[in-house]
Amino acid sequence: MSDIVDIKKRRVQSTKKSNMHSKIYQPFRAIGYVTNEIPYLINNLGQDYFLTTCVGSSFQTYNLGRMNLLFVSTPTEKPITCMATHNKVVYAAAGNIVIGYKRGREVSRVGESEGNFNITQIIILGAYIAALCDDNTVKLWDTTNGDLYTEIEFGEGFTATHMVHPKTYLNKILVSSSQGTMQIWNVRTNKMVYQFGYLGSPVTCLEQSPVVDVIAVGLLNGTVILHNIKADEKIDSVRQDDRVTAITFRTDDEQVMATGNMHGDVALWDLSERRLAHIMKGAHDGYITTLTFLNNQPILVTGGNDNAIKQWIFEKSNAVPHPYKSRSGHHAPPSRLQYYGTDNKTILSAGRDRSLRSFSTVRDAQSFEFSQGRLAKKAQDRGISMDELKLPPIIDFDVNDSKTKDWDNIITCHAHDNGCRTWSSKNKRIGEHILISQDKTAVKTTCLSSCGNFGFLGCASGAVDMFNMQSGQFRKTFSGDGGHTKPVTGLTTDTINRYLITSSVDKTVKIWDIKTAKLVHTIELESPVVSMRYHMDNDLLAVVCDDLGIRVIDIETKKIVREFWGHRNRITDFTFSPDSRWIVSASLDGTVRTWDLPTGAMIDIFKVEDVVTCLAFAPDSDFLATAHVDNVGIFLWSNRTQYSNISLRSIPEDYEAQLLQLPSLNGTEDSDEDDSEDEQNVEEEPVDTVEQLNESMITMSMEPRSKWHNLLHLDTIKLRNKPKEAPKLPEKAPFFLPTLPGAKGQFNLETVTTFDTENPDSKRINFSQLNIDTEFGKALRAGFEADKNFAAFVEYAKSLSPSAIDLEIRSFTIDGELTLLNYYLDAILYMLKTRKNFELAQAWLSVFLNIHGDLIVANPTNPIHEKLQDILAVQGKEFGRLSQQIHYSLCLIDFTRRT
């Protein structure tokens, strides 16, 4: 019971730690991670195989047959160093403890939380966990009670590196060392059973073969020895290039052994003929961490530290495998991000690993890498890795969804390259066209026109070339007199493809006419422009300059309308929010700042340990995506203003930014308790609210729109909500008895008054003294008697529902002088003269005239007509005054925009 309480406490602590967030952004989840340098696990349940990979402080479990992600574990306090599995439980070592998980949820924990050691390998021995630690010991824990069962300490001449439990060897483990020797230990008696001689090189890998007593031993010099540990005899040995990192054996009819090395190569050895059958050159773009042949299947699963898991299938009597299935992500940090697609849930990412990838933020299985041709075959023929044949790293790209089905809709420019490549998001591969700059200088930036028909290349010479995306043909060049004299750093077109906007290191932003290729206008700046972003919906252009400032330019007026200062180091990337109210920028100072365009103030800032290299805002404003230095994944931050009320205020420049943890793989849940604590910790400034700032202002009631809108359409609402069945007749009772509220008809007999002053105990009702005015009518009479001050009546009427107001107006007591009707119009006139509750006065007057209009017409001599004339005069006067102010404001805005 205490273990469960401890687990819950740790979950609460980790949740509170993960819920630290900025005012606007909440860490959500990380995508793009598949595996790292920790060996993966494969276990089978029935006919299904499950793959478990480590990704930092969490692990992911995939269905190996479909390669779809099943679940992600809760994060550990420290990074996971090794894993093992037994009976549907995955054990992960983090620091000096071992945590047991079922379906990604923690169920048990063993280890020493205060020990100064780290666990490097674990194996499961029934109810015990054997852990190899970096303090040169093997510790054995009992999983039933979590106690330390025994500890094996090795001498100074034996530095343990790996261990394995040989099949059929009860209570025995085989331990290898960096000195090139091995020992067999009995973990129950804590005694060494046997020590093997020197093998010729430090041992780097151990693997049990399909044959009992035979262990495959991988050495640092690339040798793999098949050793009979029972007889202490060397059966056979093979040698590959560089150290051995992983070994596996095929268990079907073929006698094949696969070994991996540091360079991502996999060697296949035919054990029956004792020869090298094939070398899978460049199977991974990093060293091989794990190799596994599926049981009795011709499928090889490989894992590398390049963030990829691959499956290879062998055809019958063919030693050369073919790629079967794979899951992968960037193995170098992303350098550029952009949302694309009609669903607004897909991110296009360019990485330093020379790849272009697409990541789905909602369905992990839809992520893929854009093909660059048959690189695998070319690399195999030339004996080199695939990375050497890929295009240079992408430094800039643009995507347009308008012509996705017609031709290539992605354009990229590459480092130190004078050509741009086109790509097709529909076919998921590189296109047919290579767009070469006309002056053969390197292309620094690129963009697509808003229609998707043209691609623009910004060159290092300052010229801009335009190409047709369908045919790949050159169209025109934007240069010459008045053109840029230094490299172009930004390109964009307006919404209707009339103007091309360019920025350059020569401290200028230029606007060109696309049809004539002539310069229209030049905007001089104080510092070289580093990058540029354009928001098409409102014609705002934001540029980042070398002086660490962000300047916002109104393209229509050609003037700088905002400047933002505060970053203390080079700005790495920035973007507009979809509604163009914010600009989000990241810098080498580790901060991410949000600037409010209407007020010109910084409204949010947070700091991360790893510098943000690029970012993108989702088109639906739900998420902010960021990529960081030394991180191959993409991190999503939820926009809290989408689902909660956030008070945004100006933040001073000297404000100390809060250091936030990056989003985890399994995502974080926003805690209402934490939010409430945050709100309590914020010192709220006292705000004085008044009902009306000035008596000359026309004010609304601040009531919901349904208060007056539903009142005007009450007949339509009643007709729509008319019951299909007739209501049941109520219980028979005198009509004058008051009823109790509720669905069932009940009468309040205790509140019946007799109005008999002579005999108060009498139950006889005197109809001549019966008061038939409702609270609504009483409030009207009280307001008239108080010198026509109807403030109390208005407040009471505002508390009623639309149907209740309609009923009260219909239930007025009608006498010969139309007393209550006159009082009601006095109340409306009071509201109009005080200029309060303007919309309610209009609605209440409209309903009153619809109900009692015929009665008013039938009494032409009644004073009620004079009151209506007064109301009409006040209405006309106020409307004229309001109309004058509105037209004056519209003229002023139009004049300002034109100048």
Subject >> Positive-end extreme of charge dipole, the chain - chosen from Leu872, Cys614, Val217 (charges on Cβ) >> reply: Val217
**OP:** Pull up the cross-link candidates among the lysines for Lys518, meaning alpha carbon to alpha carbon under 24 Å and not fewer than 8 places away within one chain.
**Re:** Lys440, Lys444, Lys476, Lys486, Lys507, Lys510, Lys558, Lys559
Original post:
Debye sum, Cα scatterers, the range 555-649, no solvent: what log₁₀ I/I(0) at q = 0.14, 0.23 1/Å?
Top reply: -0.53, -1.31
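Find out how many positive minus negative residues lie around Arg66, taking Lys and Arg as positive, Asp and Glu as negative, among other residues whose Cβ is under 11 Å from that of Arg66.
Details: positive: Lys325, Arg327; negative: Asp48.
Within the 11 Å Cβ shell, the charges total +1.
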**OP:** Could you calculate, for the range 188-262, the ratio of the Cα radius of gyration to the Kirkwood radius, expressed as Rg to Rh?
**Re:** 0.99
Original post:
How many nm separate the modelled label positions at Arg429 and Ile313, each set 7 Å beyond the Cα in the direction of the Cβ?
Top reply: 1.9
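At R0 = 25 Å, how high is the FRET efficiency between Leu712 and Leu890 if r is their beta carbon distance? Nearest 0.05 is fine.
On the way: r = 28 Å, r/R0 = 1.11.
My answer for the efficiency is 0.35.
Tell me which DSSP H helices of the chain clear both cut-offs, 20 Å or more of axial length from alpha-carbon atoms and a mean Kyte-Doolittle hydropathy of at least -0.5. Please list the in-between numbers first.
Numbers: long enough: 2-18 (24 Å, -1.22); 819-834 (23 Å, 0.69); 838-857 (26 Å, 1.12); 864-898 (51 Å, -0.26).
Correct list, ordered by number: 819-834, 838-857, 864-898.
Between Asn190 and Gln297, take the C-beta separation as r, use R0 = 30 Å, and let me know the FRET efficiency to the nearest 0.05.
Efficiency at R0 = 30 Å is approximately 0.15.
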Original post:
For the residue pair Met702 and Asp135, what label-to-label distance in nm results when each label sits 7 Å from Cα along the Cα-to-beta-carbon direction?
Top reply: 6.5
Subject >> Entry for Kirkwood radius over Cα pairs in Å (calculated from the structure that is shown) out of (i) 29.5; (ii) 35.8; (iii) 34.5 >> reply: (iii)
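By per-residue mean of other Cβ atoms within 10 Å, what is the highest-first order of 710-721, 570-581, 645-656? Before the final figure, lay out the partial values.
Working: 710-721: 12.4, 570-581: 19.3, 645-656: 10.8.
Top of the packing list down: 570-581, 710-721, 645-656.
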Original post:
Gain in length, Ser846 to Asp546, computed as 0.36 nm per residue apart minus the alpha-carbon separation, to one decimal in nm?
Top reply: 101.7 nm
Original post:
Can you work out the FRET efficiency for the pair Glu653 and Lys518, with r the C-beta to C-beta distance and R0 = 35 Å, to the nearest 0.05?
Top reply: 0.25
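Sorted from fewest to most neighbouring beta carbons within 10 Å, what does the list Tyr128, Tyr91 look like?
Working: Tyr128 18, Tyr91 22.
In order of increasing Cβ crowding within 10 Å: Tyr128, Tyr91.
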Original post:
What net charge is computed for the residues neighbouring Gln311, neighbours being all others with C-beta under 13 Å from the C-beta of Gln311, Lys and Arg scored +1, Asp and Glu -1?
Top reply: +4
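Give me the extension gain from Gln869 to Lys325: residue separation times 0.36 nm, minus the current Cα-Cα distance, reported in nm with one decimal.
Once the chain is fully extended between Gln869 and Lys325, it gains 187.5 nm.
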Original post:
Counting other C-beta atoms within 10 Å, which of Glu839, Glu695 has the fewest, and how do the rest follow?
Top reply: Glu695, Glu839
Subject >> Rg/Rh ratio calculated on Cα atoms of the range 202-304 (Kirkwood radius) >> reply: 0.94
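Provide Glu795, Glu156 in ascending order of the number of other Cβ atoms located within 10 Å of each residue's Cβ, fewest first. It would help to have the intermediate numbers written out before the result.
Working: Glu795 11, Glu156 6.
Fewest to most other Cβ atoms nearby, the residues stand as Glu156, Glu795.
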**OP:** Would you work out which of Ala92, Gly462, Met257 lies farthest towards the positive end of the dipole of the chain, given +1 charges on the beta-carbon of Lys and Arg and -1 on that of Asp and Glu, about the Cα centre?
**Re:** Met257
Original post:
Residue farthest toward the positive end of the dipole of the chain, with Cβ of Lys/Arg at +1 and Asp/Glu at -1: which of Asn190, Val399, Ser585?
Top reply: Val399
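Here, each number is a calculation from the coordinates, and none is a lab measurement. What you see is a predicted model; the values in this text were computed from it and never measured. Every residue, glycine as well, gets a Cβ built from its backbone with ideal geometry; the counts of neighbours run over all protein chains shown.
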